[in-house]
Amino acid sequence: QMSCGVTLEAHAYCWGSDVGGSLGNGPAPSDWTPARVSGLEDVRHVAVGVHHACASLSSGAAYCWGRNDSGALGTGPSSPSSDVPVPVVGGLFFEAVSAGREMACGRETSGTVHCWGANLYGQLGSGGGASQTVPLEVRGGHVWSAIEAGRRFSCGIAGGALYCWGQGYDVGGGPDAVGGGAFGSVTVGYEHACGIDDSGAAFCWGENFSGQLGDGTTTDRVAPTPVASDSVFVALAAGADHTCGVSGAGATY
């Protein structure tokens, strides 16, 4: 219901539905054109959940705004929703953030990953099923190069290997190795995920009722399955029930 972006001047803008203050510009109505997120400078990265969003700054600080269901803002116990950015607690320094449904994760400069918010399916990767209002480190002791928070599960890459945790994986909280080759990126939708390996080939797995895995079928896949394309991909983005990608030639699929 909303989108966000970062300008060349390192300012964050959001547009669309302002449910729960998810546009981050105060008590304003929904905005059909980009509106600048209040109070943030030197924004490095912004990530959109369902009714909240998070950003990491050049300083490494992380801020979130919008609805705080299940602790999605990472601002500690008994914190309300916020229509302006509020700092994630814990004194951590994040290179990038990723927002899922009522939860979020951040990857530190050291390669460790912390997640917070809803945890019913173990999507925080920190063990147990209780929601967390503060960042907790993902188990396993891995050095992560990428992290993607999803709806009921999350995925990351460590040493080129793909790992996921949450629904369909180790609900106890430990990342499960997904398999496949060496991957450089991963993206997570509602009930599916996709990644690009070191050769630029795209793979997807999970639910496929809308053809979101791109393998020419509507058959669900439990392991990474090649996308039916000879293109060398440089970027993928998984939506709720669809996926898009950009090839090295600059074509969009």
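Remarks
- Contacts under 7 angstrom Cβ, first residue in the stretch 113-134 being surrounded by fewer than 23 Cβ atoms within 10 Å (Cβ to Cβ), partner at pLDDT 90 or above and charged (D, E, K, R), 6 or more apart: Tyr121/Arg152; Ser126/Glu137; Ser126/Arg139; Gly127/Arg139
- Number of positions in the stretch 201-220 that are part of a loop (DSSP other than H, G, I, E, B), touching an Asp or Glu at 6+ places or on another chain (Cβ under 9 Å) and under 19 Å from Gln167 (Cα atoms): 6
- Test: residue in the stretch 196-207 that is closer than 30 Å to Phe93 by Cα, modelled with pLDDT of 95 or more and surrounded by 14 or more Cβ atoms within 10 Å (Cβ to Cβ): yes
- Residue satisfying condition, being open to solvent by 40 Å² or more (accessible area, probe 1.4 Å), in a loop (DSSP other than H, G, I, E, B) and aliphatic (A, V, I, L, M), within set Ala223, Ala249: Ala249
- With respect to being at pLDDT 95 or above, closer than 26 Å to Ala237 by Cα, crowded, with 22+ Cβ neighbours inside 10 Å and within 14 Å of the chain's Cα centre (by Cα), Ala146 falls outside the description.
- Residues (among the aliphatic types (A, V, I, L, M), surrounded by 16 or more Cβ atoms within 10 Å (Cβ to Cβ) and in a loop (DSSP other than H, G, I, E, B)) located in the stretch 226-245: Val227
- Within the stretch 149-190, considering residues that are out of contact with any Pro (no Cβ under 8 Å at 6 or more places or on another chain) and aromatic (Phe, Trp, Tyr), the one most open to solvent (accessible area, probe 1.4 Å): Tyr190
- Whichever residue in the stretch 2-15 is in contact with a strand residue (DSSP E or B) (Cβ under 7 Å, 6 or more places away or on another chain) and more than 15 Å from Ala47 (Cβ to Cβ) and, among such residues, is most open to solvent (accessible area, probe 1.4 Å): Trp15
- Meets criteria (farther than 21 Å from Gln132 by Cα and either crowded, with 19+ Cβ neighbours inside 10 Å or touching a His at 6+ places or on another chain (Cβ under 8 Å) (or both)) for Ala72: no
- For beta carbons closer than 8 Å, sequence separation of 6+ or different chains, a first residue in the stretch 37-50 that is touching a residue at least 40 places away in the same chain (Cβ under 8 Å) and a second that is among the aromatic types (Phe, Trp, Tyr) and not in a loop (DSSP other than H, G, I, E, B), the qualifying pairs are Val37/Tyr13; Val37/Trp65; Leu40/Tyr63.
- Filtered residues of the stretch 98-112 (kept if of a type in the set (Ser, Thr, Tyr) and either closer than 13 Å to Phe153 by Cα or in contact (Cβ under 8 Å) with a residue 40 or more places away in the chain (or both)): Ser98, Thr109
The values are calculated or read from the model by the stated rules, or taken from the named source; none is laboratory data. Because the structure is a prediction, the values reported are computed rather than measured. Here the Cβ is made from the backbone with ideal geometry for all residues, glycine too, and neighbour counts use every protein chain on show. Remember, those area values only see protein heavy atoms, side chains included, never the ligands or the DNA or RNA. Shrake-Rupley method; radii C 1.70, N 1.55, O 1.52, S 1.80 Å.
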